[in-house]
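A.B. asks: Shown below is the structure under consideration.
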Amino acid sequence: MNTLSKLPALEQVIQRFQIATRKSLGQHFLLDTSITDTIVRYAGLLEHSHVVEVGPGPGGLTRSLLKAGAKKLFVIEKDERCLEALAQIKEAVGDQLEIIMGDALEIDLVQAVPAPRKIVANLPYNVGTLMLLNWLESIYIHGPQAFESLTLMFQKEVAERIIAEPSSKDFGRLSVISQWLCECRYDMELPPTAFSPPPKVDSSVITLTPRAKPLVDVRKEVLEMVVAKAFNQRRKMLRSSLKGLAVPADELLALAGIDGSLRAEQLDVMTLCNLARHYQDRM
Ligand code: SAM
């Protein structure tokens with residue numbers, strides 16, 4: 001029988017197992033079930049998926065994921081002090097939960113968890129971007145079979161960079177690489193008061209859904225290199241920011257049919273990817 005509802009309140013769990021939050025681990029816990037339930041709804045149906053939660057902490061979001069009927073939930077937590085709180089949840093749900101203690105940055109989720117996989121996480125802010133970059137690499141290598149979707153809480157400023165539209169101040173390398181591989185959706189925003197302890201900044205939940213194929217067929221390292229160059233001096237015109245590549249900037253821009261007096265941030269994702277593709281073809 002599912003006895004999740006009989007578990008003690010998270011505040012009690014934190015007190016009993018003495019999980020005083022640590023800044024070094026980016027620990028800002030969600031203790032309000034209505035918030036964690038809402039985040040889980042953005043992840044869609046979970047009944048047929050192996051869900052991965054990175055950084056379950058004392059287990060608030062974990063409980064909501066289990067309650068929503070995740071076929072199986074794999075939690076990966078670095079902080080040993082959370083183990084007893086998580087073990088208490090496992091006692092309630094049995095095989096529906098698998099606890100992995102370790103550093104999620106060192107675990108290849110595609111190896112560790114069987115498909116179909118979804119990631120749902122309130123990420124530690126200090127390493128959230130790095131984790132996303134690792135998962136994008138998995139999507140590049142394995143295609144959409146890597147993950148059905150990733151529903152992730154970031155600090156708002158990072159979420160805005162991921163989903164940014166061209167010509168906005170947030171549009172840059174992270175937007176291009178994310179949107180090249182995934183459709184990116186803005187789900188919700190949370191104020192600092194939603195967390196214990198409150199972080200200094202607002203937070204946002206976004207969902208990335210891997211595309212059937214990347215927007216443009218180009219090697220990732222080439223795209224990263226060209227986009228890094230284009231945005232390195234983002235106020236400069238492309239004909240000067242792209243100088244120093246193996247293909248002369250003017251020639252490359254002509255091949256791609258792009259006006260060299262534009263700045264990188266004025267191009268859309270598809271055009272930037274096509275620029276990289278022309279570079280790859282001409283190299
Ligand atoms: N999911 C919980 C919640 O929403 O209340 C906790 C979220 S808290 C923002 C981030 C969690 O990630 C913490 O529990 C922290 O210990 C854990 N964490 C930090 N770095 C980690 C890493 N490299 N691998 C796995 N977990 C990590």
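A.B. asks: Could you give me D for the chain, from Stokes-Einstein at 4 °C and 1.567 mPa s, where the hydrodynamic radius is the Kirkwood radius over C-alpha pairs? Units µm² s⁻¹, please. Display every interim value, and only then the final one.
C.D. replies: Numbers: Rh = 20.0 Å.
Estimated diffusion coefficient is 65 µm²/s.
A.B. asks: Let me ask another. For S168, S149, S34, what's the largest-to-smallest order of accessible area, 1.4 Å probe? Intermediate results must be reported in sequence, preceding the final value.
C.D. replies: Working: S168 40, S149 10, S34 70 Å².
Listed by decreasing accessible area, they come as S34, S168, S149.
A.B. asks: Now, a different point. Treating the angle as unsigned and between 0 and 90°, give the value, to the nearest 10°, between the Cα long axis of helix 128-142 and the longest Cα principal axis of the chain.
C.D. replies: Between the helix axis and the principal axis of the chain, the angle is about 70 degrees.
A.B. asks: Another question, if that's okay. Need one value: the accessible area of R173 in square angstrom, 1.4 angstrom probe, rounded to the nearest 10.
C.D. replies: Around 140 Å² of this residue is reachable by solvent.
A.B. asks: Taking the Cα centre of region 148-283 as origin, work out the dipole magnitude from +1 charges on Lys and Arg Cβ and -1 charges on Asp and Glu Cβ, in debye rounded to 20. Present the calculation step by step, with values, prior to reporting the outcome.
C.D. replies: Numbers: 19 positive and 18 negative charges, 97 e Å.
It comes to approximately 460 debye.
A.B. asks: Oh, and also: Using a Debye calculation, one point per C-alpha and no hydration shell, please list log10 I(q)/I(0) for region 220-282 at q = 0.28 Å⁻¹ in order.
C.D. replies: -1.42
A.B. asks: Please give the length that would be gained between E80 and T193 if that part of the chain were fully extended, namely 0.36 nm times their separation in residues minus their C-alpha to C-alpha distance (nm, one decimal).
C.D. replies: On the way: separation 113, 0.36 × 113 = 40.68 nm, distance 2.61 nm.
That pair, E80 and T193, stretches by 38.1 nm at full extension.
A.B. asks: Still on this structure: If I model a spin label at K6 and Q111 as a point 7 Å from the Cα along the Cα→Cβ vector, what separation in nanometres do I get?
C.D. replies: Going by the 7 Å Cα→Cβ label model, 4.0 nm.
A.B. asks: I'd like the accessible area for V216: 1.4 Å probe, protein heavy atoms, all chains in place, Å² to the nearest 10.
C.D. replies: 10
A.B. asks: Just going by the charge dipole of the chain, with Lys and Arg at +1 and Asp and Glu at -1 on Cβ, which of A249, A159, L275 is farthest out on the positive end?
C.D. replies: Toward the positive end, the furthest listed residue is A249.
A.B. asks: Further question: Can you give me the angle between helix 33-42 and the longest principal axis of the chain, using Cα atoms only, in degrees from 0 to 90, rounded to the nearest 10?
C.D. replies: Between helix and principal axis, roughly 40 degrees.
A.B. asks: As a test question: what accessible area, to the nearest 10 Å², does E47 have when a 1.4 Å probe is rolled over all protein chains in place?
C.D. replies: Accessible surface of E47 is approximately 90 Å².
A.B. asks: Sort H48, H142 by heavy-atom solvent-accessible area, probe 1.4 angstrom, most to least. Numbers along the way, then the final one.
C.D. replies: Working: H48 140, H142 70 Å².
Highest to lowest solvent-accessible surface, that is H48, H142.
A.B. asks: Return the single residue from D37, D103, D187 with maximal mean-square fluctuation; model: Gaussian network over the chain, springs between Cα atoms under 10 Å.
C.D. replies: Greatest mean-square fluctuation among the candidates belongs to D103.
A.B. asks: Now for a separate question. I need to check one value: relative contact order of the chain, counting alpha carbon pairs closer than 8 Å and at least 6 residues apart, in percent. Numbers along the way, then the final one.
C.D. replies: Numbers: 514 pairs, mean separation 44.0, N = 283.
It comes to 16 percent, rounded to a whole number.
A.B. asks: Here's a follow-up. Give me the percent relative contact order of region 190-273, please, defined on Cα pairs under 8 angstrom at least 6 residues apart.
C.D. replies: Working: 61 pairs, mean separation 20.8, N = 84.
For region 190-273, the relative contact order is 25 percent.
A.B. asks: For region 209-253, which trypsin sites (Lys or Arg not before Pro) are in a loop by DSSP, counting at most 15 other Cβ atoms within 10 Å? Don't skip to the answer; put the middle values down first.
C.D. replies: Numbers: sites: R211, R219, K220, K229, R234, R235, K236, R239, K243; in loops: R211, R219, R234, R235, K236, K243.
Sparse-neighbourhood loop trypsin sites (Lys or Arg not before Pro): R211, R219, R234, R235, K236, K243.
A.B. asks: Follow-up question, since we're still on this one. Skip the ligands, DNA and RNA, and give the accessible area per residue of the chain with a 1.4 Å probe, whole Å². Mind showing how you got there, number by number?
C.D. replies: Numbers: 13010 Å² over 283 residues.
With all protein chains present, the chain gives 46 Å² per residue.
A.B. asks: Which value, in debye to the nearest 20, describes the size of the charge dipole of region 4-210 about its Cα centre when Lys and Arg Cβ atoms bear +1, Asp and Glu Cβ atoms bear -1, and nothing else is charged?
C.D. replies: Numbers: 20 positive and 25 negative charges, 44 e Å.
Approximately 220 debye in magnitude.
A.B. asks: Continuing with this model, one more query. Quick one: length gained pulling T33 to D217 fully straight, 0.36 nm per residue minus the C-alpha distance? Please list the in-between numbers first.
C.D. replies: Details: separation 184, 0.36 × 184 = 66.24 nm, distance 4.23 nm.
In short, 62.0 nm is gained.
A.B. asks: Given Cα pairs under 8 Å that are at least 6 residues apart, what percent is the relative contact order of region 1-64?
C.D. replies: 43
A.B. asks: In a GNM of the chain with a 10 Å cut-off on Cα contacts, which of N122, N232, N134 has the highest mean-square fluctuation?
C.D. replies: Fluctuation is largest for N232.
A.B. asks: Something else now. What does the charge count around A68 come to, taking other residues whose C-beta lies under 13 Å from its C-beta (Lys +1, Arg +1, Asp -1, Glu -1)? Don't skip to the answer; put the middle values down first.
C.D. replies: Working: positive: R41, R63, K67, K71, K72, K118; negative: D37, E47, E53.
That works out to +3.
A.B. asks: Also, I was wondering about something else. Could you calculate, for region 5-108, the ratio of the Cα radius of gyration to the Kirkwood radius, expressed as Rg to Rh? Spell out each step's value before the answer.
C.D. replies: Numbers: Rg = 12.8 Å, Rh = 13.8 Å.
That ratio equals 0.93.
A.B. asks: Ok, one more. Can you give me the % of accessible surface on region 1-95 that is carbon or sulfur? Probe 1.4 Å, all protein chains present, nothing else counted.
C.D. replies: Numbers: 2380 of 4620 Å².
Whole-percent figure for carbon plus sulfur exposure: 51.
The values are calculated or read from the model by the stated rules, or taken from the named source; none is laboratory data. Computed from a prediction, not measured in an experiment: that's the story for all the values here. Quick reminder, even Gly has a Cβ in these numbers, built from the backbone with ideal geometry, and neighbours come from all protein chains shown. Accessible surface areas use protein heavy atoms only, side chains included; no ligands, DNA or RNA. Shrake-Rupley method; radii C 1.70, N 1.55, O 1.52, S 1.80 Å.
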